[in-house]
Amino acid sequence: VLLLGIETSCDDTATAVVRGGVHVLANVSTNQDAFHAKYGGIVPEIASRRHAALLSAAVDDALSRAGTHLDQLDGIAVTAGPGLIGSLVVGVAAAKALAFATGLPLYAVNHLHGHLFAAFLERDAPPPYPFLALLVSGGHTQLVEVESPTALRIIGRTRDDAAGEAFDKTARLLDLPFPGGPALEALGRTGDPKAFAFPRHRPDPGTLDMSFSGLKTSVRYFLESDTGKDARREDVAASFQAAVVDVLIDRTARALDARDYRAVVLSGGVAANGALQSAFLALGERYRIPAFVPERRFCTDNAAMIAAAAERRGDVARVDPLHLVADPNLPFT
Ligand code: ATP
Ligand code: FE
């Protein structure tokens, strides 16, 4: 089917038109970084107001780039949560109004399901079930057992900071511009990942849980130390990144040891990281199962992934346009 996707959970005003949950006819995203950069992080009030100003044109833009019209669509998919409430309500209100006015079915999508199903976009062969997903984003880091599109179970998660949050906070320690993840990766490209042995925390070896706040704190103490003051920033960035990748890959491997999966899927904003992608693909080879990494443009927030998730989940995601309410704490399942 042909779905319009709308995603406004954080600071990207994103719209897309996707056929069959796979073929991306249009994928539009207006990045608000310029409005938030001087505050060093996202200001919710600004994000909400920017969404309200941009969304209507962004919907028109996606439809015209896809060469289609509202009356040719089969449905509208929107992120209902989790995220910033002021941002979510703008997308949800727009989607409800469009669905009500056109009579098209409305699909409410969990933003994290969106990240997960991004791995299906622009693929000839989608990941086979059951697969294991490593979802690493700005606000979440979790291992998910995916039995079917509607049977998802979290089997491990971070006990404190998300991996993306650790990247962003460490980037600030290194005086890098917002958003920190891509900037830190770029800096580390000319650094030595073995220069400094930052800790790899495993909070509870009996579980698949992870921890990243201790790592960020040790980078901070290191930078304040005498050796740290003179250390090459490139080496610190590369060594920090290596520690994050090690923890993520170790936990994923542990999960693959525990059960036979037919594929392993990487998703979320941090999935855009080149070092993580390489390690993840190598992990797939080690376990002799296909490893799926979304194209970079589908890793960070986008609306194509929201349409993809709605397509896969079908009637389970279908809601009444009059009664959908944005939920900043929408549960994962
Ligand atoms: P969530 O999806 O949990 O609600 P979010 O939507 O804010 O959070 P995403 O857009 O999925 O998060 O991902 C953004 C995060 O990804 C940021 O923390 C950012 O620093 C990180 N990130 C983006 N690109 C890279 C990269 N190349 N290397 C490391 N981290 C990256
Ligand atoms: Fe996200």
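Observations, loosely collected:
- Flag for Asp260 being in contact with a Pro (Cβ under 9 Å, 6 or more places away or on another chain) and exposed (fewer than 15 other Cβ atoms within 10 Å of the Cβ): yes
- Selection over the stretch 179-203 of residues that are buried (at least 18 other Cβ atoms within 10 Å of the Cβ) and either under 15 Å from Asn273 (Cβ atoms) or hydroxyl-bearing (Ser, Thr, Tyr) (or both) gives a count of 9.
- Qualifying residue in the stretch 207-222 (condition: surrounded by 14 or more Cβ atoms within 10 Å (Cβ to Cβ), of a type in the set (Asp, Glu) and either more than 19 Å from Ala279 (Cα to Cα) or away from ligand 1 (no atom under 15 Å from the Cβ) (or both)): yes
- Of all residues in the stretch 135-148, none that is over 23 Å from Pro182 (Cα atoms) and more than 8 Å from ligand 1 (Cβ to nearest atom) has its Cβ atom under 6 Å from the Cβ atom of a residue that is among the polar types (S, T, N, Q) and in a strand (DSSP E or B), 6 or more apart or on another chain.
- For the stretch 179-214, a tally of residues being part of a loop (DSSP other than H, G, I, E, B) and away from ligand 2 (no atom under 16 Å from the Cβ) returns 23.
- Of the candidates Thr150, Thr141, Thr102, Thr158, the single residue that is over 21 Å from Pro331 (Cα atoms) and polar (S, T, N, Q) is Thr102.
- The single condition from (1) away from ligand 1 (no atom under 15 Å from the Cβ); (2) within 24 Å of Gly103 (Cβ to Cβ); (3) surrounded by 17 or more Cβ atoms within 10 Å (Cβ to Cβ); (4) aliphatic (A, V, I, L, M) that Ala57 fails is (3).
- Residues being in a helix (DSSP H, G or I) and either within 15 Å of ligand 2 (Cβ to nearest atom) or of a type in the set (Ser, Thr, Tyr) (or both) - total across the stretch 53-89: 4
- Considering the stretch 157-178, and only residues there that are crowded, with 22+ Cβ neighbours inside 10 Å and more than 16 Å from ligand 2 (Cβ to nearest atom), the residue that is farthest from Gly206 (Cα to Cα) turns out to be Ala171.
- Residue count for the stretch 6-20 satisfying the condition of being within 20 Å of Pro82 (Cβ to Cβ), outside any strand (DSSP E or B) and of a type in the set (Gly, Ala, Ser): 1.
- Residue within the stretch 282-290 that is in contact with a strand residue (DSSP E or B) (Cβ under 8 Å, 6 or more places away or on another chain) and within 25 Å of Ala26 (Cα to Cα) present: no
- Inter-residue pairs, beta-carbon under 9 Å, first more than 22 Å from Thr13 (Cα to Cα) and assigned to a helix (DSSP H, G or I) and in the stretch 99-125, second within 14 Å of ligand 2 (Cβ to nearest atom) and hydrophobic (A, V, I, L, M, F, W, C), 6+ apart: none
- Among the residues making up the stretch 21-47, those that are more than 16 Å from ligand 2 (Cβ to nearest atom), part of a loop (DSSP other than H, G, I, E, B) and more than 18 Å from Arg123 (Cβ to Cβ) are Gly40, Val43.
- Flag if Thr150 is farther than 19 Å from Ala272 by Cα and either buried (at least 17 other Cβ atoms within 10 Å of the Cβ) or out of contact with any Asp or Glu (no Cβ under 7 Å at 6 or more places or on another chain) (or both): yes
- Taken over the stretch 248-293, the criterion of being within 15 Å of Phe120 (Cβ to Cβ), within 16 Å of ligand 1 (Cβ to nearest atom) and either of a type in the set (S, T, N, Q) or touching a Lys or Arg at 6+ places or on another chain (Cβ under 9 Å) (or both) is satisfied by Ser267, Ala271.
- Which numbered condition Pro127 fails, given (1) away from ligand 1 (no atom under 14 Å from the Cβ); (2) over 29 Å from Arg259 (Cα atoms): (2)
- Qualifying residue in the stretch 74-83 (condition: surrounded by fewer than 24 Cβ atoms within 10 Å (Cβ to Cβ) and without any contact (Cβ under 8 Å) to a residue 60 or more places away in the chain): no
- For the stretch 263-278, a residue qualifies if it is of a type in the set (Gly, Ala, Ser) and either touching a strand residue (DSSP E or B) at 6+ places or on another chain (Cβ under 6 Å) or crowded, with 20+ Cβ neighbours inside 10 Å (or both), and the qualifying residues are Ala263, Ser267, Gly268, Gly269, Ala271, Ala272.
Okay, residues lined up against (1) more than 16 Å from ligand 2 (Cβ to nearest atom); (2) out of contact with any helix residue (DSSP H, G or I) (no Cβ under 7 Å at 6 or more places or on another chain):
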residue: Val264; (1), (2): yes, no
residue: Gly268; (1), (2): no, no
residue: Arg286; (1), (2): yes, yes
residue: Asp320; (1), (2): yes, yes
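Coordinate-derived values only; no laboratory data. Bear in mind that the values here come from a model prediction, so they are computed numbers and not experimental data. Because the Cβ atoms are built from the backbone with ideal geometry, glycine has one as well, and the counts that use them run over all protein chains shown.
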